[in-house]
Structures are given as C-alpha cells and as structure tokens.
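What follows is one structure encoded as structure tokens, with my remarks underneath.
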Amino acid sequence: MKKEKQQELAINAKKEENISEWYTQVIQKADLIEYTDVAGCMIFKPNSYQIWEKIQYFLDDKIKKMGVKNAYFPLFIPKKLLCKEEDHVEGFAPEVAWVDYGGDTKLGERLAIRPTSETIMYDAYSKWIQSYRDLPLKMNQWCNVVRWEFKHATPFLRNREFLWQEGHTVFATKKEADKDVLAALEAYRATYEELLAIPVTLGRKSVGEKFAGADYSLTAEPFSPADGKSIQACTSHHLGQNFAKAFNITFLDKNQKKQYVYQNSWGLSTRSIGAMIMIHSDNKGLVLPPRVAENKLVIVPLLFKGKEEIVLKKAKEIKKKLKKFSPFIDDRNNVSAGFKFNDWEMKGIPLRIEIGPRDIENGVVQIARRDIYEKIEVKIENIPNTVSSLLEEMHKNLFERSLKMMEEKTVQTFDFKSFENAILEGKRCLVPWAESIESEDEIKDKTGAKSSCIPFKFEKKSLKGIKCFYSGKPATCWAYFAKSH
C-alpha cells in the first residue's frame with residue numbers, strides 16, 4: 001500500500017494537542033461508528049456494539065444477583081403520564097422529543113419518545129402493587145432512550161439517542177431502598193473498574209445536579225486527564241415517595257394500613273464506551289481493555305515467499321490452542337506486515353502474535369502488548385499461559401495508569417482564585433463547599449466547572465472551622481469540581 005494511503009488511514013491528530021479531532025479520528029478509524037443524517041444519532045457498528053454486549057453481559061449478571069428481573073416497557077409515553085411528577089417533567093421538558101401525528105392523522109394526545117421510563121413504568125406499578133406481599137418489586141430494562149439535547153453532540157459521550165439499562169425498584173421501607181441504591185452503585189463500580197479498567201469516584205450528586213424528582217442521587221465519576229473533564233458514568237437515584245404519591249403507588253401493610261412505597265431508579269449507558277475511549281486510548285488509536293475485547297489477540301503470520309504454507313499452518317495451530325481468547329489470523333497478502341501492525345494497534349486489539357519462518361525454526365513467537373508497545377519472545381509451548389498473564393497485567397496496568405493520571409490531575413483548593421487557575425489548567429479540584437444551587441450556578445457561569453460529586457471518601461473528613469472556597473460561609477461538605485462531558 002502506498003505510503004500516503006497508510007498515513008491517511010493512521011491517526012494524525014495528537015490527543016494532547018487537539019483532543020476533539022483525535023477522538024473523532026479514533027472512533028471513525030477504529031470502525032466504531034457511522035454518522036447519520038440526524039445529528040446526535042449514530043450507527044453502532046459491530047466493533048462498538050460488541051463492547052456494549054460485553055458490558056451488558058457483565059452488568060446484567062450483577063443486576064440479576066440483586067434479585068432484579070428484566071422486562072420491557074413501551075417507547076411511547078402519553079403526555080399525561082410524563083407530566084404527573086412536576087419536578088421530573090420540568091427537569092426533562094427541554095429534552096423531550098414528541099410525536100404528534102400517526103401518518104397524516106393528528107393524535108388525540110401527544111406521545112413522548114422515551115427520555116427515561118419512570119412515568120410509564122410507575123403507572124403499571126400502581127396496578128401491580130396492592131399488598132406488602134407484592135414487595136419488593138425489582139425490574140430492569142435494556143433499551144434505547146431519546147433526549148433531544150441542543151449541546152454539541154459527541155458520539156457515545158453525548159448522543160440524542162443512546163442505549164442503556166434502567167433499573168426501577170420498589171420497597172416497603174426507606175431502609176431497604178437505601179440499601180438497594182448502594183447495591184446498584186456497587187454493580188456500576190465493578191463494571192467500570194473490573195471490566196473497563198477505569199477508576200471511578202463514588203459519591204452523591206449535589207442538590208442542583210441530582211435527578212429531577214429524586215430525594216438524592218449517587219454517582220460513579222471517572223475523570224479524563226487528557227481534557228480535564230469529569231464524566232458522569234452512571235447514576236443511582238433514591239426517589240423517596242415522590243413518584244409513589246404522584247402515581248398513587250400504595251400497599252396495605254401487615255396491619256392493613258395503606259402506605260406509600262419507596263422507590264429507586266438507576267442506569268448506565270453507552271456513555272461508558274466513550275469514557276473507555278477517552279481515558280485509555282492514545283495517539284496510535286483505540287486501546288481496548290482485555291476483559292471487554294471480543295477478540296483478545298490477532299495472529300500475524302510473516303509471509304515470506306516460498307515459506308507461506310509452513311507459517312500459515314503453524315499460525316492455525318496456535319489459533320486452535322488459544323481458542324478461549326477468540327483469536328483471529330490476519331493473512332492478508334495485499335498489505336505489508338507493518339501496515340497490519342499499525343491497523344490492529346489502531347483498532348485496539350490487546351495482544352498481537354507475530355510468527356515467521358525463523359521463529360518457527362527457533363520454536364518461538366513474538367508477542368506485542370497494545371498498552372505499552374512492549375514485544376517479548378515466548379516459546380510456542382508457553383503461549384497459552386503467557387497470553388493469560390499478559391492480559392491480566394494489561395488490565396492492571398490500564399487501571400493503575402488511569403488512577404495515577406487522575407490523582408496527578410486532582411488538587412485541593414481553599415480559595416476561588418486558586419480554583420479558577422486549577423480549572424484553567426484542566427484539573428479536578430477538591431474543595432470545601434457550602435452546598436447550594438445558587439453558588440454552583442455562579443461557579444459554572446464563571447469557570448465552566450460544576451460539582452462532579454460529593455465523595456463518600458471524604459464524608460467524615462472534618463470541616464470544623466473551614467470556610468467555603470467560594471462564598472466564605474461555613475463549609476458543609478467536601479466536593480469535587482471540574483469541567484464535564
């Protein structure tokens with residue numbers, strides 16, 4: 001292949017110089033998406049959808065172990081249902097896409113295209129729940145949602161249509177609901193840290209950032225050091241009795257007294273793929289954490305003239321031994337070995353095995369790791385054990401490297417001037433804060449930063465005698481602030 005064509009196929013934007021262009025090139029050249037004529041709506045190509053399938057499989061197992069069952073509810077929500085809970089509809093109104101016509105016939109009632117499913121699910125729950133014997137009720141659905149955002153669309157990170165799961169659980173007591181909301185958050189932490197190798201900060205969303213209609217919202221927040229932005233990776237909300245009262249979801253307790261239920265909702269979306277790309281990938285392209293990669297390695301036979309058959313035969317033998325890692329052989333004969341190496345690096349395959357005639361003579365292969373560009377020589381009989389070890393080492397390295405970068409980009413500030421400077425430098429700030437919606441709005445207007453979470457880790461850290469970094473009032477909490485995706 002001509003050199004100029006190879007350069008065209010490579011990533012030619014630098015992550016540290018132009019992250020927006022870099023991100024666009026990575027998702028396109030790794031063959032993850034295709035844009036459509038509707039802004040903010042994209043095609044998930046097989047290379048990205050298989051990542052989502054891995055996330056689904058991992059998280060669905062966690063959800064089912066919580067005693068939650070999967071179901072499916074309609075995409076269209078009548079306006080009268082969406083408007084039942086005032087705070088909820090007010091929070092979502094700007095993002096709702098509406099259907100007014102069926103063909104050429106004007107509908108008798110407008111239908112919202114699902115921005116989230118609380119209202120349609122809770123209308124059904126009010127019919128299904130009558131007695132304490134009907135509780136707890138725990139359901140989840142995997143589906144698509146539409147939020148007609150007017151901000152700049154960024155594939156995976158901010159789409160108008162995206163894929164997610166939404167769990168909706170119902171309990172007789174607040175104590176049970178509080179326990180469930182934390183269990184969901186733990187399932188999300190595991191998904192990010194144990195599957196995607198992404199460290200997250202667990203905490204509570206501020207009053208201004210909590211879910212519309214919730215008593216409180218919990219979150220797991222990764223941080224992207226490359227652009228100094230926090231990513232809301234998932235949320236777990238305790239809804240209290242707000243929706244129960246709006247939808248009349250009641251039950252007769254053991255004393256035959258009518259009570260309102262307590263509810264939670266929690267969700268994780270394809271934004272997780274965007275976080276993975278943004279945090280792990282580099283100037284050579286996509287980096288796939290091993291546990292989420294469908295194909296964990298590629299075998300590249302080095303095809304020298306007259307030795308092709310011998311090399312391909314050995315490559316197939318190795319592939320058979322490594323079946324559990326879903327390997328494949330790149331035996332293209334119209335491109336160079338160097339092009340193949342760059343191609344699979346760009347597409348993020350965790351490991352690459354190279355084998356040529358001389359390697360066969362010596363009974364070895366060369367194995368390259370995607371995360372550190374390291375190549376090692378391995379005896380053919382040791383390949384399976386070595387591959388297992390390298391994949392585990394790669395996961396650990398990706399996690400620890402990301403954690404280190406996040407910690408290096410996090411600073412503690414006690415005054416607004418220092419805070420402003422740190423935000424300009426793309427850092428995340430831990431600050432003492434007198435939490436209020438008004439001050440958060442003002443901070444965002446002045447700096448572009450908002451609270452990402454009020455971390456559990458510092459809940460017990462003393463605030464005695466400490467003033468708010470912004471208002472000078474007595475601080476009520478420690479909070480992380482950063483710009484966000």
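Looking only at region 441-462, count how many residues are surrounded by 14 or more Cβ atoms within 10 Å (Cβ to Cβ) and over 27 Å from Glu186 (Cα atoms). Residues flagged as surrounded by 14 or more Cβ atoms within 10 Å (Cβ to Cβ) and over 27 Å from Glu186 (Cα atoms) within region 441-462 amount to 3. Would you point out the residue of region 422-438, among those that are among the small types (Gly, Ala, Ser) and more than 23 Å from the chain's Cα centre (by Cα), that is nearest to Lys464 (Cα to Cα)? The qualifying residue nearest to Lys464 (Cα to Cα) is Ala434. For region 222-237, the set of residues classified as in contact with a Leu (Cβ under 8 Å, 6 or more places away or on another chain) and either on the phi > 0 side of the Ramachandran plot or assigned to a strand (DSSP E or B) (or both) consists of Cys234, Thr235, Ser236, His237, listed by residue number.
Whether a residue is under 19 Å from Ile33 (Cα atoms), of a type outside the set (D, E, K, R) and surrounded by 16 or more Cβ atoms within 10 Å (Cβ to Cβ) was assessed, and Asn159 passes this test.
For residues in region 266-325 being hydroxyl-bearing (Ser, Thr, Tyr) and closer than 19 Å to His395 by Cα, which is surrounded by the most Cβ atoms within 10 Å (Cβ to Cβ)? So, considering only residues that are hydroxyl-bearing (Ser, Thr, Tyr) and closer than 19 Å to His395 by Cα, the one surrounded by the most Cβ atoms within 10 Å (Cβ to Cβ) is Ser272. Would you be able to say whether some residue in region 418-429 is part of a helix (DSSP H, G or I), closer than 30 Å to Val298 by Cβ and in contact with a helix residue (DSSP H, G or I) (Cβ under 6 Å, 6 or more places away or on another chain)? Checked region 418-429: no residue is part of a helix (DSSP H, G or I), closer than 30 Å to Val298 by Cβ and in contact with a helix residue (DSSP H, G or I) (Cβ under 6 Å, 6 or more places away or on another chain). Leu185 satisfies every condition listed in (1) buried (at least 24 other Cβ atoms within 10 Å of the Cβ); (2) under 30 Å from Asp134 (Cβ atoms) except (1). Only a single criterion out of (1) at pLDDT 95 or above; (2) more than 26 Å from the chain's Cα centre (by Cα); (3) more than 19 Å from Lys205 (Cβ to Cβ) is not satisfied by Leu398, namely (2).
Taking the criterion of being more than 17 Å from Ser281 (Cβ to Cβ) and either among the hydroxyl-bearing types (Ser, Thr, Tyr) or in a strand (DSSP E or B) (or both), the residues of region 325-356 that qualify are Ser326, Phe328, Ile329, Ser336, Ile353, Glu354, Ile355.
Listed conditions (1) closer than 21 Å to Met276 by Cα; (2) assigned to a helix (DSSP H, G or I) are all met by His152, apart from (2). Scanning region 253-263 for residues that are touching a Phe, Trp or Tyr at 6+ places or on another chain (Cβ under 8 Å) and either assigned to a strand (DSSP E or B) or closer than 30 Å to Asp60 by Cβ (or both) yields Lys258, Gln259, Val261, Tyr262, Gln263. Checked against the criterion of being buried (at least 19 other Cβ atoms within 10 Å of the Cβ) and more than 30 Å from Leu288 (Cβ to Cβ), the candidates Glu118, Glu95 yield just one match: Glu118. Of the residues making up region 236-286, those that are over 23 Å from Glu193 (Cβ atoms) and among the hydrophobic types (A, V, I, L, M, F, W, C) are Leu239, Phe243, Ala244, Ala246, Phe247, Ile249, Phe251, Leu252, Val261.
Restricting attention to region 46-88, the residues that are assigned to a loop (DSSP other than H, G, I, E, B), of a type outside the set (A, V, I, L, M, F, W, C) and surrounded by 15 or more Cβ atoms within 10 Å (Cβ to Cβ) total 2.
The values are calculated or read from the model by the stated rules, or taken from the named source; none is laboratory data. Bear in mind that the values here come from a model prediction, so they are computed numbers and not experimental data. Here Cβ is always computed from backbone atoms with ideal geometry, including for glycine, and neighbour counts include all displayed protein chains.
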